[in-house]
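Comments concern the structure below.
Read the figures in this text as sums done on the coordinates, not as results from a lab. From a predicted model like this one, the values you see are computed outputs, not experimental measurements. When we count neighbours, we look across all protein chains shown, and the Cβ atoms used for this are built from the backbone with ideal geometry, even at glycine.
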Ligand code: HEM
């Protein structure tokens, strides 16, 4: 229950309840929604209560609120995540080269031809575009580019996720890996579809939240490639680790994304913050 309005509180996945799908996917509403989105991006970036510089003077109020530290940490995380995405994304693009075959262990998946190639190629595109969409500068100065990249990201996510759904049941690592990869693929498709529907309904704050969840799942391609060598470094059994990582690759990412979404929403006043009861 929302404490201020008394209205029942909606869960994130219930956002679509008020949507009217009929007619929403025609060309004119899409163009209108895109225009509204551009205005939203400009307004949001202009009104964001964030420090204008990474290096304000010690006397500036940003130091007292801790916003400077948050901004600096965000930049470090963004740069590190971006570098990982470039490395894993470019590596996966090899799947689009003629004559390239994947690792033998994965190629035993009966669905590998052609779905692994669709999955890795489109996943790489999503991974390479994703970090750019978080850049406030790009959103403010190039909202059109942001939108075009957003559409590319969305198509890549849908294609990679759909191919992931086809690939998962064929994983040679057994039922645990099928469940881990399969649920990630279905949830990633769900997040991408929700992000698209929220944009069409001009609910851009919620659209943004679903895109963050979607990227947390796409980022599994990176975390999986950190967990796997780490497990080998710890001399753990490869197959057992692979099975565990089919979940570990994405569940913690989604938890971090939920914390990030909640914090951002609280800062913008979209969540009710419980205030201590004074005596
Ligand atoms: C939610 C996100 C994802 C899911 C659910 C998923 C699912 C899968 C599945 C089921 C396989 C086959 C595993 C097997 O047969 O044992 C696979 C392999 C693969 N995926 Fe993904 N994937 C995701 C994201 C990505 C992304 C974003 C990329 C892009 C870099 C990617 C690149 C690959 C590659 C290259 C392989 C082949 C294995 C390898 O070369 O390491 N995946 N994925």
Exercise. Once Rh for the range 64-267 is found with the Kirkwood sum over Cα pairs, what is the Stokes-Einstein diffusion coefficient at 37 °C and 0.692 mPa s, in µm²/s?
Worked result: 185
Seminar exercise, completed: Most exposed to least, judged by fewest other Cβ atoms within 10 Å, 90, 248, 217 sort to 90, 248, 217
Seminar exercise, completed: Relative contact order in percent for the range 64-267 (Cα pairs under 8 Å, 6+ apart) equals 18
Exercise. Using a simple spin-label model with points 7 Å from Cα along the Cα→Cβ vector, what separation in nm is obtained for residue 262 and residue 183?
Worked result: 1.9
Exercise. Which values of log₁₀ I(q)/I(0), to two decimal places, follow from the Debye formula for the range 101-172 at q = 0.11, 0.26 Å⁻¹ with a uniform point scatterer at every Cα?
Worked result: -0.35, -1.04
For this session: Considering the convex hull of the alpha carbon atoms of the range 145-251, report its projected area averaged over all viewing directions, in nm², one decimal.
Result: 7.0
